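**Student:** One structure is given below, represented as structure tokens, and several questions about it will come after.
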Amino acid sequence: MNNTTTLPVIPGVVQCLLRGIAMLPHPQLRRFVVWPLLINLLLYGLGLWLSLHYFAEVMDRLIPAWLEWLRWLLWPLFAMLFFGFAFFTFTLVANLIGSPFYGHLAEAAAKLAGISAEDSQKAKPAALKQIGISIASELRRLRFSAGWGLALLLIMLIPGVNMLAPPLALAFFAWSLAIEYSGYALEARDATFDEQLALLKKRRIEWLSFGGLVLAGLTIPVFSVIVPPAAVVAATLLIGKNESV
């Protein structure tokens, strides 16, 4: 695989995301999309309610009294961080529940798009075993994100130092989402988690752009419900596009 792309990074990523959204209603993909959409709708609704309920209390604790004079500047930054953490957390939970569907969605999208995935020499496991494998893989990604997320959370709790948290959080969210949604297609190629990370690091800017755009989509009410399955399809297309250049 060529490690450099001949396409501008962001337009290429946007193209894949738009195509991913357009492909969701296709009959070959629909059955792997409906249940995750229902799960997302339920969990994002719960996340929004909890976020609004505890928002003011969390903001008061994050901004110490000695920085009250900067409240006008820090308030929107920490508000963005708070809602980012809330929706990011509920997205990870939704992905954990929907992971058995997303693995099949990535494979069906690759087939529909005519992407010649590297055929695995392993026989396909039984359905229940495949569900277990999907959930185990999702938990591996969650452990990776949780480790860095905990470090970021500690930074948020240190007065003064927590001013660095918003830009660090944006980079963390974008990278974690890139790892999350590319994982389904890469697992279909039998790539280990370490191999997946190595592949993404070779195109770090491209995948950070992908994760950043997915994050932006997750912040849009209602539209955020279709973002996860669309991101799975888009990541599959992006991987296929990179393999062809």
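**Student:** Taking the residues in region 201-236 that are of a type outside the set (A, V, I, L, M) and not in a helix (DSSP H, G or I) as candidates, determine which candidate is surrounded by the fewest Cβ atoms within 10 Å (Cβ to Cβ).
**Tutor:** Taking the candidates together, the pick is PRO221.
**Student:** Keeping to region 13-41, report how many residues are surrounded by fewer than 20 Cβ atoms within 10 Å (Cβ to Cβ) and under 28 Å from ILE205 (Cα atoms).
**Tutor:** Qualifying residue count for the region: 7.
**Student:** Limited to region 90-106, what total is found for residues that are within 11 Å of the chain's Cα centre (by Cα) and open to solvent by less than 10 Å² (accessible area, probe 1.4 Å)?
**Tutor:** Residues in region 90-106 being within 11 Å of the chain's Cα centre (by Cα) and open to solvent by less than 10 Å² (accessible area, probe 1.4 Å): 3 in total.
**Student:** Among the numbered criteria (1) touching a residue at least 60 places away in the same chain (Cβ under 8 Å); (2) among the charged types (D, E, K, R); (3) closer than 18 Å to ALA106 by Cβ, which one does LYS202 miss?
**Tutor:** Of (1) touching a residue at least 60 places away in the same chain (Cβ under 8 Å); (2) among the charged types (D, E, K, R); (3) closer than 18 Å to ALA106 by Cβ, only one is false for LYS202: (3).
**Student:** Considering only residues of region 153-177 that are over 18 Å from GLU187 (Cα atoms), small (Gly, Ala, Ser) and open to solvent by less than 50 Å² (accessible area, probe 1.4 Å), which is modelled with the lowest pLDDT?
**Tutor:** GLY160
**Student:** On to the next question. Looking at ILE155, ILE179, can you tell me which residue is within 11 Å of the chain's Cα centre (by Cα), assigned to a helix (DSSP H, G or I) and in contact (Cβ under 8 Å) with a residue 12 or more places away in the chain?
**Tutor:** Being within 11 Å of the chain's Cα centre (by Cα), assigned to a helix (DSSP H, G or I) and in contact (Cβ under 8 Å) with a residue 12 or more places away in the chain holds for just one of ILE155, ILE179, which is ILE179.
**Student:** Working only within region 172-187, note down all residues that are closer than 16 Å to LEU17 by Cα and in contact with a Ser or Thr (Cβ under 6 Å, 6 or more places away or on another chain).
**Tutor:** ALA185
**Student:** Could you count how many residues in region 70-82 are in contact with a Leu (Cβ under 9 Å, 6 or more places away or on another chain) and either open to solvent by less than 60 Å² (accessible area, probe 1.4 Å) or modelled with pLDDT of 80 or more (or both)?
**Tutor:** Total meeting the criteria: 4.
**Student:** Could I ask something else about it? Residue check, LEU150 against (1) aliphatic (A, V, I, L, M); (2) outside any loop (DSSP other than H, G, I, E, B); (3) open to solvent by less than 60 Å² (accessible area, probe 1.4 Å), all met but one. Which one?
**Tutor:** (3)
The values are calculated or read from the model by the stated rules, or taken from the named source; none is laboratory data. Keep in mind the model is a prediction, meaning the values are calculated, not measured. No Cβ is skipped: glycine too gets one built from the backbone with ideal geometry, and neighbour counts run over all protein chains shown. Remember, those area values only see protein heavy atoms, side chains included, never the ligands or the DNA or RNA. Shrake-Rupley method; radii C 1.70, N 1.55, O 1.52, S 1.80 Å.
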